[in-house]
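What follows is a short report on a single structure.
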Amino acid sequence: MRALHIGRALQEIGKVTLVVVSEETAAPDVLERTAHEFAVEPQVRVNSHPNRGLIQRLRWAFDPRFLNVHGCVADSQDRARLLDRLRDFDLVWVLNSRTPNILNQWSWPRSVLDVDDMPSAFAHTVWKNGAGLKEKFKAGVTMLLLSRRERLWKNRFSVLSVCSEPDRQHLGGGEHVHVIPNGFQRPAQEPLRNPIDPPRIGFIGLFSYSPNLEGMRWFVRECWPLVKREIPNARLRVAGKDSDGPLKPAGPDIDALGFVADPAAEIATWSVMVVPVLHGAGTRVKIADAFSRKCPVVSTCLGAFGYEVQSGRELLMADDPDSFAAACVALIRDRASASAMAERAFAAFLEKWTWDAIAPRIQAAAEDALRQEHDQRVKATP
């Protein structure tokens with residue numbers, strides 16, 4: 001979704017060409033739909049290339065300029081073709097910090113590196129909330145190593161963009177680090193809620209993604225029994241790809257819906273959407289999704305990270321099971337307060353988190369990189 005809307009915003013200032021760099025072959029139907037909006041280059045294939053031997057492992061740990069961080073590398077012929085092709089473009093927008101390493105390219109002139117998830121931030125949450133000392137120690141070491149690499153991004157790319165002001169500060173701030181928040185599509189019509197009885201608490205997200213899976217396991221294990229004690233007929237509705245698979249939460253009052261192509265009607269029936277995220281990085285799109293549908297939200301503080309929100313104003317935030325469950329119960333019982341909170345969140349969404357509202361930030365980051373390139377050419381002219 002972020003790639004799609006960034007591409008659309010960039011098309012307002014120039015022609016956009018998309019290149020997929022991935023281990024998995026892009027689905028033909030996806031490429032066909034994409035080709036209706038953008039020019040599409042041949043995919044760059046990615047091959048496994050694990051670090052073997054003591055020297056490579058030491059370089060991974062201690063050399064922040066070592067590029068085979070992920071144990072995979074772009075096919076050599078595809079890489080050469082792409083890097084040669086990139087000379088034809090005025091601007092290269094790189095989505096995620098993994099891709100430039102896979103392409104084994106250190107310096108990226110005329111570029112924006114767009115980082116939606118800060119790698120060290122993910123490790124930090126595991127270090128803070130991990131289940132055991134071994135897991136926490138490993139995450140702490142990983143966090144330090146990743147932070148060293150992140151501090152060098154300013155030397156590799158013309159411009160950096162991140163999802164939140166805290167992430168911007170993590171990278172040292174400065175005029176060439178831009179905040180481009182995650183957003184959601186503005187609804188064609190103002191949403192109408194229809195919470196039903198028995199009351200529903202809902203969750204939406206890719207269930208094979210570990211922060212979603214672990215967060216829901218925590219909610220089902222620690223919070224759901226407390227909700228059921230207060231509201232015995234409540235039901236939990238879990239939507240999203242893989243939510244109806246082998247990892248689905250079990251229980252007679254839990255409905256695993258799987259992937260829902262258009263979840264608007266389903267979410268309209270929920271009394272509450274929960275965002276029980278304990279690990280992760282970046283910002284959760286499901287927050288903007290809920291706000292866009294006027295669905296009341298209960299989130300952990302990490303789940304709402306990066307959004308300019310206050311608990312009790314646009315949503316409720318809680319980090320321990322008792323408080324999280326109590327917040328869900330309160331919104332179910334006090335529909336008027338829940339609706340008023342959802343209205344405030346919807347107003348904030350329209351102002352800050354529609355892709356139309358975010359587009360000028362995307363264009364400002366692109367223009368920053370283009371301006372730097374222009375200034376360098378002027379300086380180089382005799």
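Things worth noting here:
- One residue alone among Phe62, Phe66, Phe38 is under 16 Å from Leu103 (Cα atoms) and among the aromatic types (Phe, Trp, Tyr), and that residue is Phe66.
- Residue check for Arg217: more than 20 Å from Lys286 (Cα to Cα) and either part of a helix (DSSP H, G or I) or assigned by TED's automatic domain parsing to the domain that holds Ile6 (or both): no
- Applying a threshold of 8 Å to beta carbon distances and a minimum spacing of six or more residues, or different chains, the list of pairs starting in the stretch 128-143 at a residue that is in contact (Cβ under 8 Å) with a residue 12 or more places away in the chain and ending at one that is of a type in the set (Phe, Trp, Tyr) and part of a helix (DSSP H, G or I) reads Ala139/Trp127; Gly140/Trp127; Met143/Trp127.
- Among residues that are over 30 Å from Asn233 (Cβ atoms) and touching a His at 6+ places or on another chain (Cβ under 8 Å), Arg377 is not included.
- Counting only helices (runs of 4 or more DSSP H) that fall entirely inside the stretch 90-209 and contain at least 2 residues that are assigned by TED's automatic domain parsing to the domain that holds Pro50 and aromatic (Phe, Trp, Tyr), the qualifying elements are 119-129.
- One residue from Val260, Val285, Val272 being among the β-branched types (Val, Ile, Thr), touching a residue at least 12 places away in the same chain (Cβ under 8 Å) and over 24 Å from Asn129 (Cβ atoms): Val260
- Unmet requirement for Val30, which otherwise passes all of (1) surrounded by 14 or more Cβ atoms within 10 Å (Cβ to Cβ); (2) in a helix (DSSP H, G or I); (3) among the aliphatic types (A, V, I, L, M): (1)
- Odd one out for Asp117 among (1) crowded, with 16+ Cβ neighbours inside 10 Å; (2) touching a helix residue (DSSP H, G or I) at 6+ places or on another chain (Cβ under 8 Å); (3) in contact (Cβ under 8 Å) with a residue 60 or more places away in the chain; (4) among the charged types (D, E, K, R): (2)
- Between Val272, Val277, Val260, the distinction of being among the β-branched types (Val, Ile, Thr), at pLDDT below 95, within 26 Å of Ala188 (Cβ to Cβ) and touching a helix residue (DSSP H, G or I) at 6+ places or on another chain (Cβ under 7 Å) belongs to Val260 only.
The values are calculated or read from the model by the stated rules, or taken from the named source; none is laboratory data. Worth saying up front: this structure is predicted, and the values here are computed from it rather than measured. Cβ coordinates were reconstructed from backbone atoms using ideal geometry, including for glycine residues, and neighbour counts include every protein chain displayed.
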